[in-house]
Amino acid sequence: MQLSKRLQAVADSVTKGNRVADVGCDHAYISIYLIQHNIAPHVIAMDINKGPLKRGRENIERLGFSSQIETRLSDGLHQLNPGEADTILIAGMGGALTVQILEEGLTSVKKCKELVLQPQSELFLVRKFIEQIEFEIIAEQMLIDDGKYYTIIKAIPKVLPKVPDTGLTEFIKVPDTNSDKVPDTELYYRYGKLLLQQRNPIAKEYLLKEKNLRLQVIKELEQNLTENAIIRLKEVQEELGYIEEGLKYYK
């Protein structure tokens, strides 16, 4: 099974030996690849649409992987039982939809070992939600495939500190990240903490492209300062500010 550069990067992010739930599997290309290359011992290929799932099942049967890849008609994670998958993989969906799927299937999410996510948009929503459910991003990569920028996020559950058994009722004290304002928090949601800290070259290219786009928009807005244009100008200037902050990591 030959995958696109994007899907190849997604598949390669799965931890070897993990059972995988491939959510929105479409024609099951990733599911098949994971079995073909002995990355996963078992995959549950799930999709909300009957047509693509049928074609995925046909591909699976044609290659003789029916015993290792199970197909399920499912709206998101609704048909996944908690503990059935070590890796929950969601690729090619918008950020808001990705968050919705994770939120509605939170019981199963909490029982998995890792999330492998490739949102098409609104990455800040996904990164923020990962933090809210007490997972942490351990790897991010950015690539260009067919002229488009893609980001793959890998996250695992946070390990909370254990309270010594003293015989008394105590509470686990989780650090309050909101108590002291972290200046870079919003920047990290937008552009990825690891991408910036590791000075990812594709991320820099993306930031420069986004900077040029914002500068062009600002130039156009300033030529006709209507009430709506002034509001939009403020928004774009704020966006430009975050981009400039991100680019400081490359100096």
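The values are calculated or read from the model by the stated rules, or taken from the named source; none is laboratory data. Everything numeric here is computed off the predicted structure, so don't read it as measured data. Note that each Cβ is placed from the backbone with ideal geometry, even for glycine, and that neighbours are counted across all protein chains shown.
Within the range 197-208, the only residue that satisfies the criterion of being within 23 Å of Ala96 (Cβ to Cβ) and free of Cβ contacts under 8 Å to residues at least 60 places away in the same chain is Leu207.
Which members of the range 113-125 meet the condition of being buried (at least 23 other Cβ atoms within 10 Å of the Cβ) and free of Cβ contacts under 8 Å to residues at least 40 places away in the same chain? Within the range 113-125, Leu117, Pro119 qualify. Residues of the range 210-238 that are closer than 26 Å to Ile144 by Cβ and in contact (Cβ under 8 Å) with a residue 12 or more places away in the chain: Glu210, Lys211, Arg214, Leu215, Val217, Ile218, Val236. The residue list Ile144, Ile230 contains one member that is surrounded by 10 or more Cβ atoms within 10 Å (Cβ to Cβ) and modelled with pLDDT under 95, which is Ile230. Within the range 217-250, the set of residues being in a helix (DSSP H, G or I) and either hydroxyl-bearing (Ser, Thr, Tyr) or on the phi > 0 side of the Ramachandran plot (or both) comprises Tyr242, Tyr249, Tyr250.
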